Structure formats: C-alpha cells, structure tokens
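Asker: The structure's right below; bear with me while I get my questions together.
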Amino acid sequence: MEYEFRVSAINFSGAGEASALSEIAIARDPKKPPGKIIELKVTDSTYSTLCLSWTKPHEEEGVQDEAKGYFVEIRPVENLDWHRCNTNAIIMTSYTIKGLKSLAMYWVRVIATNDGGEGEPQELDNYIVAMPPPVRPKFTDSKMKTFMVVRVGNSVRLNINFEASPMPDIIWLKDRMPVSKRITVSNTERGSRLLIPTSEHSDTGIYTIIVKNIVGQETFSVEIRVTDEPKPPGPVQLEQNVARTVTLSWTPSPDERRDDRLHYTVSKCDPVKRAWETVAHRLFNNKFTVCNIMPGQEYYFRVYAKNDIGLSEPSKSPVWGTKKTREKFTVTIPSSELCNSETSPSFLVPLKIRDAPQGYECYMSCAVRGDPAPHVTWYRDNVSLNTNTNYYITNTCGVCSMLILRVGPKDTGDYKVIAENPLGRAECSTKLTVR
C-alpha cells in the first residue's frame, strides 16, 4: 500500500490548518544493507587520475538486499582518514578519481548503499600509485634510419620517439662512450633528440640510445658518417701485361684510409667514339685492366674517387698508344721455336677485408691471371655462391667482382675465391663483417 501524511497543530480552540502532503511512502518490510561489491579493479591511470570498475554485490534474501548506489573513498598511505570522493551515491559501476598527486600512493575502497544503509567497504588488494600503467620502453618509429651521411659543417639531428612508463632514463653513447659536451640532448616523456650544431670529421661513429625504466630497457644504434667530397687519387700509371689490354694503377685517395665506403670509377676516351665512357665503377682496389684496346690508337683514362657525398676531381692518365704513319719495311723472319705461354692461375690483387653496414651494398673484387683463362668460383663458408641469385658475380678480363645489393647479418662470414685451370689452382680469402 502507498501512503501520504500531513500534520495539524491542535490546542484548546481546535485543530489548525494541515501541513502539505508528505512524499508517498510504501508500506514494506525493513531493507537490509547491501553486501560487498565484487571484482574491484583499476582499468586505467595517469599521473593525476585513477579509473575504477566493479560488479554490483549479490542479493541474498534476509541477509543483504540490492544495492542502489555506491560511494568511492580514498586515502593516502600516510593518512588514516578516508575521504569520500562523491557526495551523492552514484548508480554506475565505474568511477574516475581526479586530482591525485603525481606518483603518490593511495588506498582505495568502494561502498554499496541502499535504503537500508551502507554495506561493508571493499578495498583494492594493494595500494595504487598515481601514474600510467608500467610500459616497457618501445620505439614507435618503424622507419628509423640506421645509417646517415652528413657533409662536414652541416648540423646533425636525430629524433627518436618511444613509449615508456614510468618516465625512463635516457643515455646517449658514441662508440660505447658518453657523447661529448658539444652535443646537445633534449628529452621528453615520448622522445629524445640529439643535436650536433656543426659537424666535424671526428663526429663520425656509431651513436646508441639506451631507454631504460623499471620494466625494462631498449636500445637503438645509428651510424653517422661525416665526410665531404673525396680528394682525387694519385697519379695514374699505365702498363700492358696482356695484348689488347691496358692495366691502370694509381695511388689511393688520401680519404681512403678513413672512409671504408670510398671506391673508384674509371672512364675511357677512345678515338672511335670520341666521348668519355665509364668502364669500371665501385672498385675498392687501386688497379684495373681495360680490355679491347686497339693497337696504334690513342686512349685517355680518368680515375675518380667516390663516396656517399659525391665524386672527386679526376686523376688523368698520360696518353696511351700513338698514331703512326704506315711505312714500307721488310722483315726477315728468323727460324722460330714454339713458345708455350701457358701459366697456372695467380692473384695479382687479393681480396680485402670488408666491414659493411646492414642494408647497404657490399662490393668485393680481386684480379687473377692465368693461361688458359681460369675458371673462378666464389665461396662463403665453403659453400659455392656462383649459382646463388642473391650475389651478382662477374669476371671480366681477369677482374673478379661480387656485389651484394642489400647486405644483412646472414652475409657475415669467410669468403674465398678459387681460380682453376689445367695447370693449377690458386685461392685468396677475406672476411666480411656486417654491423
């Protein structure tokens, strides 16, 4: 049944005017307070907020009735007094506490309530810290460069973005040592920037960032090459070891010692085409044999040094061959004996030890001679590479070359070249390290 109530004042003169009607009241048995909430948990957190969720308590007839609302209370770990976050009971089973102090520790509890009163509070199993959920450091840019070339004098900027919680410690190293004081490092919650205002040759090296917090650490390395257009190679000398060929040799560019990516390009100008053409590129040694040289014709050669910035000025060779007027002459042919020019294979220029950055081209070459022309086989860790399509192998006029377009960790190993003909066998070897 539903009831309404009003009140009148009475004295000896009678009853006064009745009051306004009360709210409707329903006649029912007394309510029992609700039980404890279930599955209280933290769903999210920041340095100033905390998000909670829970499940309403079960009803149990005669013991605990249905919950009609909830109060959320909080207290710092150093305080014994609970503070109620919401003045009026909320009906939702989730709540966001705001205004927390960064990295402060709090106890949290939730109380269910109904018309019968408040139930027992349910606390979290442990105190919580006002901070985002712990996240192991992770770099967020999947296209970070592992190799950079910078012209001397230009600035260098490295921007590294990451995710981590709590705020990590950030360390920059150059070749495993702390970076110099002339290098500026700026850190934020989500990234770090390294700045070299004016680069120098000495800034060349491998730079490593270490991002570390209580959950774990992550590292990333990038090789920075500070260079300029290379100086030209030294004087070019010409000689003929085999008919219809010319062997060029030159002293190295002064930059070869400090730049292992520096290589050479050879150009030729002949009287037929009357134009310069490239006859060799990506040479990592100081000698090359040019084939198909016509006797009695003049040839000119140029050798360039090349690196990641560009080409040097050319080193020019002296003229090779001389045009001669044809004269009548007689030749008395002496009796001759058969001459055997056959030789076993031998290497004129051996392989060099290589150290190549991952993801870039790697070029190896050597020079071999022998008569008959030897058959050449390349090996890596004693496995033949001649039929492997990942390696581009050529053999021109005794210059044996191999090109790896995108070198990777799997290419690390011992490389060997074996030259064989009916008169013998020769080999040379080297080691490739991928960094």
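Each reported figure results from applying straightforward, stated rules to the coordinates on display, with no laboratory input. Since the structure is predicted, the reported quantities are computational estimates derived from the model, not experimental observations. Quick reminder, even Gly has a Cβ in these numbers, built from the backbone with ideal geometry, and neighbours come from all protein chains shown.
Asker: Where does segment 173-296 land on the Kirkwood hydrodynamic radius, alpha-carbon pairs, in angstrom?
Answerer: Its Kirkwood hydrodynamic radius stands at 18.9 Å.
Asker: Still on this structure: Which Rg and Dmax, in Å, describe the Cα atoms of segment 135-227?
Answerer: For segment 135-227, the Cα-based Rg and Dmax read 13.2, 40 Å.
Asker: Ok, one more. Quick one: which residues, 5+ away or cross-chain, put their amide H under 5 Å from the amide H of residue 351? H built at 1.01 Å from N.
Answerer: Answer set, sorted by chain and number: 429.
Asker: In whole Å, largest first, what are the principal axis extents of the Cα atoms in segment 236-316?
Answerer: Ordered largest first, segment 236-316 gives principal extents of 41, 26, 16 Å.
Asker: Here's something else I'd like to know. Specify the residue with the greatest mean-square fluctuation among 138, 32, 231, computed from a Gaussian network of the chain linking alpha-carbon atoms under 10 Å apart.
Answerer: 32
Asker: Ordered by residue, what ³J(HN,Hα) values in Hz, to whole numbers, does segment 403-409 give under the Karplus form 6.51 cos²θ - 1.76 cosθ + 1.60, where θ = phi - 60° and Gly and Pro are x?
Answerer: 10, 10, 5, 9, 6, x, x
Asker: Among 396, 208, 219, which one moves the most in a GNM of the chain with springs linking Cα atoms closer than 10 Å?
Answerer: Judging by the Gaussian network model, the answer is 396.
Asker: Would you look at the GNM of the chain, springs on alpha carbons closer than 10 Å, and say which of 132, 372, 230 moves the most?
Answerer: Evaluated over the chain, the most mobile residue of the options is 372.
Asker: Order of 290, 222 from fewest to most other C-beta atoms within 10 Å?
Answerer: By the 10 Å Cβ count, ascending: 222, 290.
Asker: Counting other beta carbons within 10 Å of each Cβ, put 139, 284 in order, fewest first.
Answerer: Fewest-to-most ranking of 139, 284: 139, 284.
Asker: Additional query: If the cut-off is a Cα-Cα distance under 13 Å, which aspartates and glutamates reach residue 287, setting aside same-chain residues fewer than 8 apart in sequence?
Answerer: Partners found: 239.
Asker: If the cut-off is a Cα-Cα distance under 13 Å, which aspartates and glutamates reach residue 174, setting aside same-chain residues fewer than 8 apart in sequence?
Answerer: Qualifying aspartates and glutamates at Cα under 13 Å: 203, 223.
Asker: Also, quick follow-up: 5 Å is the cut-off here: which amide hydrogens, built 1.01 Å from N in the peptide plane, fall below it relative to residue 149, excluding neighbours closer than 5 in sequence?
Answerer: Distant-sequence amide H within range of residue 149: 225.
Asker: Same structure, new question: Arranged from highest to lowest average of other beta-carbon atoms within 10 Å per residue, in what order do the peptides 115-125, 64-74 appear?
Answerer: Taking the mean over residues of other Cβ atoms within 10 Å, the ranking is 64-74, 115-125.
Asker: Hey, what do the phi angles of segment 246-252 turn into as Karplus ³J(HN,Hα) couplings, whole Hz, using 6.51/-1.76/1.60 and θ = phi - 60°, x for Gly and Pro?
Answerer: So the Karplus estimates, Gly and Pro as x, are 9, 9, 9, 9, 8, 7, x Hz.
Asker: Can I ask one more? How large is ³J(HN,Hα) for each residue in segment 103-115, as worked out from phi by the Karplus curve 6.51 cos²θ - 1.76 cosθ + 1.60 (θ = phi - 60°), to whole Hz, x for Gly and Pro?
Answerer: 6, 6, 10, 9, 9, 9, 9, 10, 10, 8, 9, 8, 5
Asker: Would you please state which residues of segment 293-319 a label at residue 278 would reach in this model, taking the label point 7 Å out along Cα→Cβ and a backbone N cut-off of under 17 Å?
Answerer: Counting only backbone N, you get 301-315.
Asker: Check each of the chymotrypsin sites (Phe, Trp or Tyr not before Pro) in segment 1-62 and keep only those in coil by DSSP with at most 15 other C-beta atoms within 10 angstrom; list them in order.
Answerer: Listed in order of number, the matching sites are 5, 12.
Asker: Now for a separate question. What ranking do 155, 249 get, fewest neighbouring Cβ atoms within 10 angstrom at the top?
Answerer: In order of increasing Cβ crowding within 10 Å: 155, 249.
Asker: With r defined as the distance between the Cβ atoms of residue 244 and residue 353 and R0 fixed at 30 Å, what FRET efficiency is calculated, to the nearest 0.05?
Answerer: Once rounded, the FRET efficiency stands at 0.35.
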